[in-house]
1. Starting from the Cα of residue A:58, step 7 Å toward the Cβ, then list every residue of the range A:89-117 with an amide N under 19 Å from that point.
2. Label residue B:246 and residue A:125 with points 7 Å out from Cα along Cα→Cβ: what is the distance between them in nm?
3. Among A:52, B:5, what is the fewest-to-most ranking by other Cβ atoms within 10 Å?
4. Based on the Cβ-Cβ distance of residue B:405 and residue B:359, what FRET efficiency does E = 1/(1 + (r/R0)^6) give at R0 = 25 Å, to the nearest 0.05?
5. How far is helix A:104-118 tilted, in degrees, relative to the longest principal axis of the Cα atoms in chain A, given as a value from 0 to 90 rounded to the nearest 10?
6. What is the spin-label model distance, in nm, from residue B:177 to residue A:170 if the labels are put 7 Å beyond Cα along the C-beta direction?
7. What's the average, rounded to a whole number, of partner chain beta-carbon atoms within 10 Å of each residue's beta-carbon in A:12-23?
8. For q = 0.05, 0.07, 0.09, 0.11 Å⁻¹, what log10 I(q)/I(0) does the protein assembly as shown give under the Debye formula with an equal point scatterer on each alpha carbon and no solvent?
């Protein structure tokens, strides 16, 4: 999953990016509203974390503009906690609201919930033919036994599982698993897919030659 | 009750009205009584004098000839003819028209009596005339003075008649009394009505006039810290109460503005504090999520340190401003040589200037002021840092110190980007930043200029700004000189 963090406080955006990265997300950042809006409109993200007090364009403007084109889940981060502001943010199209200072763990949980809901899932646990994916703890079990996956591998499994039954093209996979700082070659995807097959079973991921991958149900 | 203005006003009004009405009625009645008496007295006097004239001859003492029958003459006359006949029988030829007043019903008609000395009745118009009169006539020419006798039912006049006699003419006054009684009744009723209407009207007017005060009181009571936007409803603004309402509304508006400013300041302050706190929280939580290597910990701790330092300077600034607001800024005033202070401050920011490759040019004249050197240094350093930080690459900062018009004038000019006109008025406001991104990088909290202004103004000076976009800005500090 790929996340965009729009926040102007350098020390804060750095730690957010590091945390999300450690969690297995691909992270892009922007330090002003103009840059943030551009990136959000141009690429596909699974969630956007948006600070409201930004230079160039403030968070409200970014939110309003973004909502004209994109349905990506948006979580607002701000030091303004007045109820009127919260209501305004939610009504302008934000999906969730977190007041600064916030708890990193809580932020991560809310992001997970947003992404889950965006894919039409209600519960954090997905069961696919013996493989249980817990999106909350970001763990995978096969026949009840915990399977160790690297963050990238887990991200791949989670993405295909959330889009199960649908074909996911290689481009899409690339866009969702790597961020702008990654200059990896796209055949890294194949490597990850084969690693996952090794750990979870060959039939777990289906290949459509020349088109992409999917998890069959 | 007596504390209420409405009641006091009403009671005063009632008192005065009642007094006026009573005086008026009493005066009227008394005047009327006087008029009636004067009329009656004139009538009686005229008649008495007329009688005196009529009896002049006949009352002349004639020795013993005409007198033996004097006692028998104490008879009452009943009718005009009778009177005439009686008088004629007694030898008094009194023309009829003189006797006109003495006719009529007994209870209405005038009567007279003439006597001599101490009680010798010579002639009288009534049969049953009694003679209790013993009063002395006032001295003076005869026939001019008179005595008035008044009883409940009659009024009489006594004059000195010819030849030492006394003539009394009187009349029953029940008609006049009735007239006066009537008048009294009318006056009482009218006064009563007037008073009633006047008092009622007075009460209503009091109510109307003072009702706005109750309204104002109630609205003012409703206005509190939670509800400062209520205003007194004023129908007309020209009257005294209307003006009072306006004045109060203006006071409330000023209070509301001051409260709003305070609220905004507090909100801004807490907002500013939240950001560095968020950094510390996020960085430390990240560091503790799992075991890490030393350099990661170091990064997290360094970032937290930066944020904590920002918080400290913010809190210091807030405290200074709060003290300034409460009028508690303590100044350690002493004679300060400004040129020296400026030179020292420039030295302190020297490394910053070098780092940014900014040239600092000094043009200082010696001038003394009475000031707190630490505070002043804060101001100078702040202005210098701003000039250096918000400058173009390889720009310049010019610092000039001069004296004139009893003031020391310090100017700090930079060759930066200038400040737009619409921002210039706000630049000294707390937390105001023209370009948020740049200030954030410098670590500025937006309080620097606000604090400078407070310090300068507490020293009875002024801090102003002149700026042109794309050319630069000049900050001017004016301080009263030591003399």
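1. A:89-95, A:97-101
2. 7.6 nm
3. Least crowded to most crowded, the residues run B:5, A:52.
4. For R0 = 25 Å, the calculated efficiency reads 0.25.
5. The angle comes out at about 70 degrees.
6. A separation of 14.2 nm, rounded to one decimal place.
7. 4
8. The Debye formula, applied to the Cα set alone, gives -0.54, -0.75, -0.98, -1.14.
Taken together, the values in this text are just the output of simple stated rules run on the coordinates, not laboratory data. Nothing here was measured: the structure is a model prediction, and the numbers come from that model. FYI the Cβ positions are ideal-geometry reconstructions off the backbone, even for glycines, and counts take in every protein chain you see.
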